[in-house]
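The values are calculated or read from the model by the stated rules, or taken from the named source; none is laboratory data. Keep in mind the model is a prediction, meaning the values are calculated, not measured. Because the Cβ atoms are built from the backbone with ideal geometry, glycine has one as well, and the counts that use them run over all protein chains shown.
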């Protein structure tokens with residue numbers, strides 16, 4: 001289902017001949033540029049570009065559905081680039097935290113970024129693997145849209161903060177929420193399959 005408020009924009013994109021895969025590509029490029037911005041310490045720009053990538057990411061599926069352009073390759077392409085984006089954001093932030101001056105808890109923050117990459121990829125992998133087994137697995141408090149919002153909005157509003165404390169707290173919270181989501185999805189799939197022979 002596409003959001004009714006977005007329907008005029010989606011129709012305009014369809015009239016202009018914009019394809020879902022083109023939107024997916026633009027969204028991925030925005031998130032990669034966002035990661036570079038994070039890496040160079042342009043935290044507010046990184047947050048803004050990340051939020052824009054999330055907006056584009058919501059459009060590709062809506063264009064595909066409203067334009068009857070859904071395809072298996074499109075779903076595969078979208079999912080693959082989403083994973084690239086998940087990793088890129090944390091890598092960009094870790095690059096900044098490793099070399100920025102006066103970062104408090106530098107080593108801890110970088111390690112948490114690494115854990116965050118694994119956790120974010122696990123969240124997505126668990127859904128894909130469950131769906132491959134014929135199970136729906138959309139449970140969890142930190143799916144991709146929530147992660148983009150929780151990172152992008154505070155980064156845009158507050159930047160890194162003194163001693164990068166704001167950015168470090170954001171990364172810690174995101175990583176914890178992702179790990180909780182991993183646990184929720186594990187429990188969900190276990191309950192759905194516990195009686196399998």
Can you tell me which of 12, 7, 64, 35 is closer than 30 Å to residue 175 by Cα and part of a helix (DSSP H, G or I)? 35
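In the range 129-154, how many are more than 20 Å from residue 54 (Cα to Cα) and either within 15 Å of the chain's Cα centre (by Cα) or surrounded by 15 or more Cβ atoms within 10 Å (Cβ to Cβ) (or both)?
Taking the range 129-154 first, the residues more than 20 Å from residue 54 (Cα to Cα) are 129-137.
Then drop every residue that is not either within 15 Å of the chain's Cα centre (by Cα) or surrounded by 15 or more Cβ atoms within 10 Å (Cβ to Cβ) (or both), which leaves 130, 137.
Residues flagged as more than 20 Å from residue 54 (Cα to Cα) and either within 15 Å of the chain's Cα centre (by Cα) or surrounded by 15 or more Cβ atoms within 10 Å (Cβ to Cβ) (or both) within the range 129-154 amount to 2.
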For residue 76, only one of the following conditions fails: (1) in contact with a helix residue (DSSP H, G or I) (Cβ under 8 Å, 6 or more places away or on another chain); (2) part of a helix (DSSP H, G or I). What is its number? (1)
So which of 47, 116, 92, 85 ends up being assigned to a helix (DSSP H, G or I), in contact with a helix residue (DSSP H, G or I) (Cβ under 7 Å, 6 or more places away or on another chain), modelled with pLDDT under 90 and surrounded by 13 or more Cβ atoms within 10 Å (Cβ to Cβ)? 85
For the structure I just gave you, tell me whether residue 22 is buried (at least 17 other Cβ atoms within 10 Å of the Cβ) and modelled with pLDDT of 85 or more. no
Of these, 166, 103, which one is surrounded by 15 or more Cβ atoms within 10 Å (Cβ to Cβ), assigned to a loop (DSSP other than H, G, I, E, B), modelled with pLDDT under 95 and over 18 Å from the mean Cα position of the chain (by Cα)? 103
